Each structure stands twice: as C-alpha cells, then as structure tokens.
Amino acid sequence: MIYNIKFTDAINKIYNTKLKLCPLNISHGILMYKSTYVQKIDEIYFDLEHDCNDEINAWFNFILNRVDDAIFYNMNKISSLDASFRNMERMKETDTKINLGELSKMNLQMVKK
C-alpha cells in the first residue's frame, strides 16, 4: 500500500499528473508469492537491538522484483495495444470502413490479450 501511494506520488511529481491510482499494480505479484512476502517481513527485526539491514534489503529486493514483473506484464500489453491501434490506423489509411461489429471484435481481442 505504501509502495502504491509513494510510486503514484512520484509519477505525479515527475510528470505533473494527477493520478489517483498506481499505474503499476504489484498486488497480484505479492499474492502469487504471498508466503515469500510474509517470510521476508517476518525476518525483519523491529527493535533497536538488531541490525536488520540485510533483511530489509531482501524485502526491498522482493518488492522490486514484483515491480519488474508488473513492468514486463504491462509492456507486453502495451505492445499488443500498440499493434491493434496501428492496425486501426492502417484500416483508416486504406479507406476501409470499420463497422461497429469489427470494432467490437477488435476490443474483445485486446481485452483477451
């Protein structure tokens, strides 16, 4: 949750946007590796007697790996959307009329990918 808030704030500052939701959701990745996530947190000591930098770094590495997964997943979706939009542009250039049925089929294909 903190990641989502901080990441969204950073994007808003860098790109001067007003996003309310994080564009890279890592929740699915955390759910897939829930036991590892819990283990990484359990290994962190929350007191002043222990030096737990290695454990905190291991947890951050886990989170960064989930971010990498989300970026990879979204890049594949973006490539698919880009190809669909280019196909639509080609259809316009050749003056091919697009009826609503064809548009609906294209939208369904994009959603399935």
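The values are calculated or read from the model by the stated rules, or taken from the named source; none is laboratory data. Values in this document were obtained by computation on a predicted structure and should not be read as measured data. All Cβ positions, even for glycine, are placed from backbone atoms using ideal geometry, and neighbour counts span all protein chains on display.
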- Task: Check ASP68, ASP42, ASP54 and return the single one that is modelled with pLDDT of 85 or more, closer than 18 Å to TYR3 by Cα and surrounded by fewer than 14 Cβ atoms within 10 Å (Cβ to Cβ).
- Result: ASP68
- Note on the structure: If we ask which residues in region 26-39 are closer than 16 Å to ILE71 by Cα and surrounded by 15 or more Cβ atoms within 10 Å (Cβ to Cβ), their number turns out to be 3
- Note on the structure: Residue hits (region 8-18; surrounded by 10 or more Cβ atoms within 10 Å (Cβ to Cβ) and either touching a residue at least 24 places away in the same chain (Cβ under 8 Å) or assigned to a loop (DSSP other than H, G, I, E, B) (or both)) are THR17
- Query: Which one of these does ASP47 not meet: (1) outside any helix (DSSP H, G or I); (2) surrounded by 10 or more Cβ atoms within 10 Å (Cβ to Cβ); (3) over 21 Å from the mean Cα position of the chain (by Cα)?
  - Reply: (2)
- Query: What are the pairs, 6+ residues apart or on separate chains, where a residue within region 48-77 that is closer than 16 Å to ILE30 by Cβ has its Cβ under 7 Å from a residue that is basic (Lys, Arg) and surrounded by 14 or more Cβ atoms within 10 Å (Cβ to Cβ)?
  - Reply: ALA58/LYS40; TRP59/LYS40; PHE62/LYS40
- Enumeration of residues in region 21-73 that are touching a Leu at 6+ places or on another chain (Cβ under 9 Å) and among the small types (Gly, Ala, Ser): ALA70
